[in-house]
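**Q** If you scroll down you'll find the structure; I have some questions about it.
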Amino acid sequence: MTDAAIRKVKPTDKPQRLLDGGGLYPEVSPAGGKWWRLKYRHLGKEKRLSLGTYPDTSLADARGKRGITGAGA
């Protein structure tokens, strides 16, 4: 995934997830907002953690936060 690919995504009628790896993905809402999410499992249940909004939180920052949480490992 690249920063340019995230910038080019246009909103649709349903939320979109663009997978980056390790459970990290930007989620694009129908209104056009973009949030960094981290999907992980805890005690067998799927959880989601918000890591910030795009472009306030860059791709590199989101990947760094994924590493700090340990949830995507």
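**Q** Sort Val9, Val28 from largest to smallest accessible area, using a 1.4 Å probe on the heavy atoms of the protein chains.
**A** Numbers: Val9 25, Val28 5 Å².
Ranked list, largest accessible area first: Val9, Val28.
**Q** Place a +1 charge on the Cβ of each Lys and Arg in the chain and a -1 charge on the Cβ of each Asp and Glu, then give the dipole magnitude about the Cα centre in debye, rounded to the nearest 20.
**A** Numbers: 15 positive and 7 negative charges, 45 e Å.
The calculated dipole for the chain is roughly 220 debye.
**Q** Starting from the Cα gyration tensor of the chain, multiply each eigenvalue by 5, take the square root, and state the resulting semi-axes largest first in whole Å. Don't skip to the end; give the middle numbers.
**A** Numbers: eigenvalues 85, 41, 17 Å².
So the three semi-axes of the chain are 21, 14, 9 Å.
**Q** Using only Cα positions of the stretch 14-53, each an equal point scatterer, no hydration layer, compute I(q)/I(0) via Debye at q = 0.26 Å⁻¹ and quote the log10 values to two decimals.
**A** Scattering profile of the stretch 14-53, log10 relative to I(0): -0.86.
**Q** Among the DSSP beta bridges whose two residues both lie in the chain, what percent are antiparallel, rounded to the nearest 5?
**A** 100
**Q** Among Arg41, Arg63, Arg17, which one shows the biggest mean-square fluctuation in a GNM of the chain, springs joining Cα atoms closer than 10 Å?
**A** Between Arg41, Arg63, Arg17, it is Arg41 that shows the largest mean-square fluctuation.
The values are calculated or read from the model by the stated rules, or taken from the named source; none is laboratory data. Values in this document were obtained by computation on a predicted structure and should not be read as measured data. Glycine gets a Cβ as well: all are built from the backbone with ideal geometry, and neighbour counts include every protein chain shown. With ligands, DNA and RNA removed, areas are computed over all heavy atoms of the protein, side chains included. Shrake-Rupley method; radii C 1.70, N 1.55, O 1.52, S 1.80 Å.
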